1. Tell me which residues, restricted to region 147-172, are assigned to a strand (DSSP E or B) and either crowded, with 17+ Cβ neighbours inside 10 Å or without any contact (Cβ under 8 Å) to a residue 12 or more places away in the chain (or both).
2. Do any residues in region 64-79 that are under 16 Å from Y129 (Cα atoms) have Cβ atoms under 8 Å from those of residues that are assigned to a strand (DSSP E or B) and aromatic (F, W, Y), where the two are at least six apart or on different chains, and which pairs are they?
3. Which members of region 94-122 meet the condition of being free of Cβ contacts under 8 Å to residues at least 24 places away in the same chain and part of a strand (DSSP E or B)?
4. Across region 123-141, what is the total count of residues that are under 17 Å from Q104 (Cβ atoms), touching a strand residue (DSSP E or B) at 6+ places or on another chain (Cβ under 6 Å) and not aromatic (F, W, Y)?
5. Look through region 87-133, keep the residues that are among the charged types (D, E, K, R) and farther than 15 Å from W69 by Cα, and return whichever of them is modelled with the lowest pLDDT.
6. For region 63-76, does any single residue satisfy the condition of being touching a Leu at 6+ places or on another chain (Cβ under 7 Å) and part of a loop (DSSP other than H, G, I, E, B)?
7. Where residues in region 45-83 are within 19 Å of R148 (Cα to Cα) and exposed (fewer than 13 other Cβ atoms within 10 Å of the Cβ), which of them is modelled with the highest pLDDT?
8. In region 69-92, how many are of a type in the set (G, A, S) and under 18 Å from W164 (Cα atoms)?
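The values are calculated or read from the model by the stated rules, or taken from the named source; none is laboratory data. As the structure is a prediction and not an experimental result, all values here were calculated from the model. All Cβ positions, glycine included, derive from the backbone under ideal geometry; neighbour counts span all protein chains shown.
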Amino acid sequence: MRVLLHSLAVISFDIDAVLPSLACLAVLAVIGLVLYRQYKRRAAPAGPAGVRLDAPAPPGGPQPAERWWADFPHQDDPSRSKARPCLVLGYSGKGYWVLKCTTQAPREAEWRVPAGAGRWSPPADKDGYVDLVPFHLPRRLLQRRQGRLDSPALYRQITSRLRWDRATDFIG
């Protein structure tokens, strides 16, 4: 019993000596957590299980946050298509995940995000919207670069609201 009490006294003394070090470790842990959360916000948007958006895009090709003209296959009949602008989300290793851009106002606000003409570099002709439903397209369907979304805050807003449950994969 005497040895046990002596051990407890030593432990109590050691905790007092280590307390400043523990406080420093706690501060470093909080700083690390804040930096990690900022890094995760800047990382490529997360897709559903199995969807990659973080593969390095080939040089000279579409990059995340760029606006490109793409030949979109019709969902009902993939042999037909329509050229329209799109916002590039990322490269999957096989193709590009993109979002359609349109000037038509949405019937339901949760399906589109407003993107004013001045948010693009160079500025677009008209104000428009970015659809939140991703499409996976092969490189050959992305025809030419149109510009870049200049607002990182708007890009984060768009990518945080993606409708992966409605995504269409034209690559497979």
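1. Within region 147-172, R148, L149 meet the criteria.
2. R67/W120
3. Within region 94-122, R112, P114 meet the criteria.
4. Counting residues in region 123-141 that are under 17 Å from Q104 (Cβ atoms), touching a strand residue (DSSP E or B) at 6+ places or on another chain (Cβ under 6 Å) and not aromatic (F, W, Y) gives 3.
5. Only one residue fits best here, namely E108.
6. So the first thing to find is which residues in region 63-76 are touching a Leu at 6+ places or on another chain (Cβ under 7 Å), and the list is 64-65, 67-68, 70-71.
Of the ones still in play, those that are also part of a loop (DSSP other than H, G, I, E, B) are 64-65.
Checked region 63-76: at least one residue is touching a Leu at 6+ places or on another chain (Cβ under 7 Å) and part of a loop (DSSP other than H, G, I, E, B).
7. Out of the qualifying residues, it is A83.
8. Summing the residues that are of a type in the set (G, A, S) and under 18 Å from W164 (Cα atoms) in region 69-92 gives 2.
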